[in-house]
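Sharing a structure with you now.
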Amino acid sequence: MIWLGWRLQRTETLIAAALLGLVAVVLVPTGIEMAHAYSTDGLSHCLGFTKGSPTCGDVIGSFEQRFSPYTALVDWFTLLPGLIGVVLAAPFALELERGTQRLAWTQSITRRRWVTTKLGLAVGSTAIVASALILVLVWWRQPLVKLDGRMDGGAYDSQGVVILGYALFALGLALAIGAVWRRAIPAVMVSFVGYFVARIFFDTWLRKRIASPSSLTWRASDRDPLQLFHSWVISEGPSDSHGHFLGHIKVFCAPGQGVCAFPKRPDYMHALYVPASDFWSLQLVEFGMFAGIALALIAFAGWWTLYRE
Amino acid sequence: MIEFHLEKRSGVPTYLQVVQQVRQAVRLGILQPGDQLPTVKEVVAQLTINPNTVLRAYGQLDMEGLVEGRRGVGTFVAEGAAPPPPDDREELRPALQKWINRARSTGLDEDAIATMFDDTLRPPAISRVA
Amino acid sequence: MSDAAIRADGLGKQYGSHWALRDCALEIPAGSVTALVGPNGAGKTTLLKLAVGLTRPSEGSIKVLGLVPREDEAALMPRLGFVAQEHPLHMGFSVKDTLTLGRRLNPSWNDEIARKRIDHLDIPLDRKVGKLSGGQQAQVALTLALAKQPDVLLLDEPVASLDPLARREFLNSVMEAVSEREMTVVLSSHIVTDLERVCDHLIVLSHARTLLAASIDQVLASHRLLTGPRGGDDVVSRVHSVIRESHTERQTSLVVNANGHVYESRWEVHELDLEEIVLAYLGYRALEAAEQ
């Protein structure tokens, strides 16, 4: 049965591997370039809260500017887990569309074994591809993470176990829709859109609500607080001494210079943030949610296929 | 080696056709005593019929003493299954011609003669549906 | 062998509000070759799918080799071969891959039988299944079913889409397999003529009902056409079951399933061939259905 499962999954696994290969083609040379620039520019001296010499600001700025096209591109890679998941769900949906599961069911294996093997292979291959993707992305982003931490949006969802959660979610969604709809291509496309919507929903609305952010108020004249270093700042702005944000502050921004000045220097600043130390707990919670839903969807796909006829 | 054929619309059951063809083959000397009949598998391949039908035909022939089955070897024409002497057969045709002449002289046309022959050959109580 | 290879008891299957099969009670003797005939939609495919476990009964029960199709699938499926109507195969697989599928999924698979069959049929092993002719695909599907050496073989309209030569070759293959090992075969078709020389049992289905289930010898021996002057059918129907009756001004014709010998002297008694008997049953049913 394993032979059959692999044989039927061959094309899609190759597609997923090709996607990974494409990613590698983009990331490997640029990653090497970034790592090289990082060491030759001496950026390792600019780490830490107390950012060493005054030139650090410039060096960091130019480093980031130089590689900003790459980071912009890699931000789009957040769609990849979804693509991988739906592609690896396609063999299952295709079988149901063509009715060839009935061929397997009239051989000597049990229907349950057929379903669990196929779904197991899909989950396993998704996990492997997603894990490879995580490794490449983590390796690539190392210099930037050292500089800016990994709580920031673009970095956060390409740095840890959440990617596996995303891929499994996309897989589960495509398996479930494919099991019910029995038309592989539309199911895959709809699932990918569903993945996209779910990600946007989570990124923009849900994540900050489950993160139980901390609050901090400090005198504006003090330098930036330690807690905010490499953290995810949800909101930050002038406030009163009790931490209530002040509204209606006119900010004059000189056009084209990216410098904004307050008319009156605020007394206090307040921030809503998630510290860098929360990285893993946040990742695990997010992973748990996506993977948990994925599990439910996969189980549903299996149950529906087994008991619908 | 004898080759069987099936007449679908003859109304005669398949196994009986096989029986008749074996009898005929023995009569005509195509099958001699000691000759092996085609195996069940061979007949099935020839005619696309149920193997049980062949077994039934061979079983009937065995009962009639015309053939004998040897386990693990095959079915063979029995010794002493002699064809009727040719003399009898030589006399049949002129006798038939004589009868036909007599029937014509009583005023029967060809169809009526054929019907009478048919009815006499096969019992009249059961007739075939056209 | 008097054991029933397949036994159905009050078997019924409902899809939504439509009954595809209802009140089906029959026994298919072991070692027989049974023809399952009826018009499209009569319930033949449903009956076979219930026997092979591809669907579950809505009421009643069915047992194959004494086992319940879905519950006992692990014990039953190695002994049960099935060729579905569309004979689903993986079109992208080569013939070799398809045989590998059979080998991997069936512990009782005999690879030599499979290879010999494919060889004998001159089907190239490395050709993609999608590129084979309809007849060749049917033969590959049959090979999958036969090479695991089943005790029961179910074929759902396997020759419906084939040309006459391919049809003959397919049936020939099946008969050859039967001559090699004791097997119970059920062949469904809406064409009766193919099946008469090959089958020894007959089941007639129409509109989800079982109209007839008996050995062909018995059917041929007990069904008769009675023709005679108009009227008198009520007398006959008291003793025998009248399957179909038709009247002209002067004549009445009855197809009966005779309960014993037909004594009536006013009737001319004729034998019928299998196709005519089946048609009588199907016509009867269609008439009834039309009248409702």
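Whole-Hz ³J(HN,Hα) for each residue in the range C:116-128, computed from phi via Karplus 6.51 cos²θ - 1.76 cosθ + 1.60 with θ = phi - 60°, x for glycine and proline: what do you get?
4, 4, 4, 4, 4, 8, 6, 9, x, 5, 9, 6, 6
If you take the alpha carbon radius of gyration of the range C:189-240 and divide it by 2.2 N^0.38 Å, what ratio comes out, to two decimals?
On the way: Rg = 14.3 Å, N = 52, 2.2 N^0.38 = 9.9 Å.
Cα-based Rg divided by the globular estimate yields 1.45.
By what distance, in whole Å, do the Cα atoms of chain C stretch along each of the three principal axes, largest value first?
67, 39, 37
Would you mind checking which residues have amide H under 5 Å from C:Arg224's amide H? H placed 1.01 Å from N; only 5 or more apart, or other chain.
C:Val256, C:Ala258
In peptide B:42-48, what is the residue-averaged number of other protein chain Cβ atoms found within 10 Å of each Cβ?
That works out to 5 on average.
Something else now. Per DSSP helix of 4 or more residues, -39500 (n - 2.57); summed, then divided by the residues of the protein assembly as shown. What does that give at 222 nm, rounded to the nearest 500? Mind showing how you got there, number by number?
Details: 25 runs with 367 residues, N = 731.
The helix-only estimate for the protein assembly as shown comes to -16500 deg cm²/dmol at 222 nm.
Roughly how big is the range C:148-292's charge dipole about its Cα centre, with Cβ charges of +1 (Lys, Arg) and -1 (Asp, Glu), in debye to the nearest 20? Kindly include the intermediate steps, with their values, before the conclusion.
Values: 13 positive and 24 negative charges, 69 e Å.
Using only the charged Cβ atoms, the result is roughly 340 debye.
I would also like to ask the following. Can you tell me the dipole magnitude for chain A around its Cα centre, using point charges on the Cβ only (Lys, Arg +1; Asp, Glu -1), in Debye to the nearest 20? Intermediate values should be presented prior to the final figure.
Details: 25 positive and 20 negative charges, 237 e Å.
I would put it at about 1140 debye.
Further question: From the Cα gyration tensor of the range C:1-90, with a ≥ b ≥ c the square roots of its eigenvalues, which class applies: rounded if a/c is under 1.5, or else prolate if a/b is larger than b/c, or else oblate?
rounded
Out of every Cα-Cα pair in the range C:165-264, what percent are more than 23 Å apart? Display every interim value, and only then the final one.
Working: 2189 of 4950 pairs.
Percentage above 23 Å: 44.
Among A:Ser131, C:Leu26, C:Thr46, whose Cα projects farthest towards the positive end of the dipole of the protein assembly as shown, with charges put on the beta-carbon of Lys, Arg (+1) and Asp, Glu (-1)?
Towards the positive end, the residue furthest out is A:Ser131.
Follow-up. Neighbour counts of other C-beta atoms within 10 Å: give me C:Phe93, A:Phe169 arranged from fewest to most.
Ascending Cβ contact count within 10 Å gives the list C:Phe93, A:Phe169.
For A:Ser239, A:Ser68, which order do you get if you count the other beta carbons within 10 Å of each Cβ and list the fewest first? Can you show the working numbers first?
Working: A:Ser239 20, A:Ser68 10.
Placing the least packed residue first, the sequence is A:Ser68, A:Ser239.
For the range A:82-192, what percent of Cα pairs sit more than 24 Å apart? Show your work: numbers first, answer last.
Values: 2257 of 6105 pairs.
Value for the range A:82-192: 37 percent of Cα pairs lie more than 24 Å apart.
Taking θ = phi - 60°, what integer Hz values does the Karplus form 6.51 cos²θ - 1.76 cosθ + 1.60 yield along the range A:59-70, in sequence order, with x for Gly and Pro?
4, 4, x, 6, 4, 5, 5, 4, 9, 4, x, 5
Same structure, new question: Using a Gaussian network model of chain A whose springs link C-alpha atoms within less than 10 Å, name the residue from A:Phe279, A:Phe287, A:Phe202 with the highest mean-square fluctuation.
Ranking A:Phe279, A:Phe287, A:Phe202 by mean-square fluctuation puts A:Phe202 first.
Oh, and also: Which whole number in µm²/s is D for chain A by Stokes-Einstein, with the Kirkwood Rh taken over Cα pairs at 4 °C and 1.567 mPa s?
59 µm²/s
Could you tell me, in Å, what Rg and Dmax come out for the Cα atoms of the range C:99-242?
In order Rg, Dmax, the Cα atoms of the range C:99-242 give 20.2, 67 Å.
Ordered by residue, what ³J(HN,Hα) values in Hz, to whole numbers, does the range C:89-104 give under the Karplus form 6.51 cos²θ - 1.76 cosθ + 1.60, where θ = phi - 60° and Gly and Pro are x?
These are the phi-based 3J(HN,Hα) values: 10, 7, 4, x, 7, 7, 4, 4, 4, 5, 5, 4, 4, x, 5, 6 Hz.
Right, next: So for the protein assembly as shown, what are the equivalent ellipsoid semi-axes in whole Å, largest first, each being the square root of 5 times an eigenvalue of the Cα gyration tensor?
Values for the protein assembly as shown, descending: 84, 29, 19 Å.
Something else about it: Compute a Gaussian network model of chain A, connecting alpha carbons closer than 10 Å, and tell me which residue from A:Gln159, A:Gln107, A:Gln283 fluctuates the most.
A:Gln107
Next question. Just counting partner chain Cβ atoms within 10 Å, what average do the residues of peptide C:161-167 show around their Cβ?
Mean partner shielding for this stretch: 0.
Where a number appears in this text, it was derived from the coordinates with a stated rule and is not lab data. All values reported here derive from a predicted model rather than from experimental measurement. All Cβ positions, glycine included, derive from the backbone under ideal geometry; neighbour counts span all protein chains shown.
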